[in-house]
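The values are calculated or read from the model by the stated rules, or taken from the named source; none is laboratory data. For clarity, every value in this text was computed on a predicted model and none was experimentally measured. Reconstructed Cβ throughout: ideal geometry from the backbone, glycine too, with neighbour counts over all protein chains shown.
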Amino acid sequence: MQKTAYLQLHRICDQDCIFCAQPTNGKYLNFSEISDQIDYYILQWYTGIIFSGWEPTMSPYFFDTISYCREKNISMRILTNGHMLADADFARRSIDAWLSSYHISLHSHVETIHDAMVKKSWSYRRSLEAMTNILRLGWDLTINITINSYNVTYFPKMISFFLKNFPKIDGFIVNNLETSQITSTYFWVIADLQDIKKIIIPTLDLIVASWKEVRVERVPMCYMRWYEHLSVDVEYTILGDEKYLHYLDDTTTSGVLDSSTHSADYTYWSACKACDLKKICSGIVWIWTHYKESDLYTQKVSKDELDSIIFLSKKYLHRSY
Ligand code: SF4
């Protein structure tokens with residue numbers, strides 16, 4: 001079991017992604033509030049912090065924060081667009097403070113498409129410069145890619161591009177979009193589940209054959225048979241992990257995400273009722289808004305097969321964290 005906290009340092013970002021679930025609202029924590037939050041996690045036996053909001057490297061307290069975490073001996077990971085890390089001195093300073101795990105978000109390997117999605121014409125170039133800096137300095141780099149209507153048709157091609165051009169990356173996080181807070185203007189960015197079904201196995205085949213790490217989020221497990229252990233769902237359902245989500249938002253409450261919240265009744269649909277994977281799959285939320293119940297497929301799984309999925313999950317899932 002792992003306990004990890006997602007900490008938003010502020011809600012300020014230099015991108016304006018069309019599917020952003022929590023857009024810039026100007027809220028921020030000062031350093032005293034940040035250190036209080038970190039102390040609270042330590043008191044509650046959290047062993048890792050993920051800086052996730054909104055662009056953490058833009059916080060004026062960014063370096064003070066990572067130095068504080070280093071002092072407190074708590075592991076750190078960052079989710080970033082990488083723009084600030086395109087500056088080699090900035091990247092080196094963060095690495096000198098022992099920030100050793102970087103997740104850079106990219107939405108396409110086609111520069112014009114990525115830049116159109118984040119509404120900044122220079123974003124792709126700076127993110128790639130950041131990736132080059134991090135890899136040159138020898139630290140862990142994962143690419144986070146959201147599946148969306150722009151990239152879903154060529155997803156495996158995009159993975160091949162990054163594997164070929166950045167062979168030293170650790171791997172990928174492949175996320176279906178968090179749909180609950182996307183405004184109706186941008187519903188069309190949400191990929192069709194049937195399109196996701198077509199690309200998910202070829203994508204995982206490519207990544208696994210390259211001996212890279214991969215985790216898949218918000219993709220129904222019935223689409224990824226034989227790769228169930230790569231679903232983030234098993235962190236909660238099999239490994240009993242706990243994540244604390246800290247929001248800087250008047251409408252979203254901070255709190256713990258665990259198996260009870262991640263696999264709540266409202267995440268399962270008619271096909272899930274008799275599905276043998278329900279024990280380890282968290283289903284999918286708000287299906288009627290964006291998807292159809294007929295997109296899900298009841299699975300029959302033998303006890304041996306289920307045991308083998310559980311074995312693989314325990315063996316591989318925490319390997320890279
Ligand atoms: S529980 Fe539901 S979403 Fe999960 S694999 Fe079964 S049918 Fe698919």
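In segment 41-54, which residue that is under 22 Å from residue 16 (Cβ atoms) and small (Gly, Ala, Ser) is farthest from the chain's Cα centre (by Cα)?
Selected residue: 53.
Tell me which residues, restricted to segment 297-310, are within 13 Å of the ligand (Cβ to nearest atom), among the β-branched types (Val, Ile, Thr) and in contact (Cβ under 8 Å) with a residue 40 or more places away in the chain.
298, 309
What number of residues within segment 24-43 satisfy the criterion of being surrounded by 15 or more Cβ atoms within 10 Å (Cβ to Cβ) and free of Cβ contacts under 8 Å to residues at least 24 places away in the same chain?
Selection size over segment 24-43: 0.
Which of the following residues is in contact with a helix residue (DSSP H, G or I) (Cβ under 8 Å, 6 or more places away or on another chain) and at pLDDT 90 or above: 317, 277?
The conditions single out 277.
For segment 176-258, give me every one of the strands (runs of 3 or more DSSP E) that falls completely inside it and has 2 or more residues that are without any contact (Cβ under 8 Å) to a residue 40 or more places away in the chain.
Here the list reads 255-257.
Please identify the pairs in which a residue from segment 278-295 that is under 15 Å from residue 191 (Cα atoms) has its Cβ atom under 7 Å from the Cβ atom of a residue that is part of a helix (DSSP H, G or I) and within 11 Å of the ligand (Cβ to nearest atom), counting only partners at least 6 apart or on another chain.
Taking only residues 6 or more apart or on different chains, the pairs are 284/267; 285/267; 287/293; 291/193; 295/193.
Being within 16 Å of the ligand (Cβ to nearest atom), buried (at least 19 other Cβ atoms within 10 Å of the Cβ) and either under 21 Å from residue 192 (Cβ atoms) or under 17 Å from the mean Cα position of the chain (by Cα) (or both) narrows it down to one residue among 231, 294, 313; which is it?
That would be 231, the only listed residue that is within 16 Å of the ligand (Cβ to nearest atom), buried (at least 19 other Cβ atoms within 10 Å of the Cβ) and either under 21 Å from residue 192 (Cβ atoms) or under 17 Å from the mean Cα position of the chain (by Cα) (or both).
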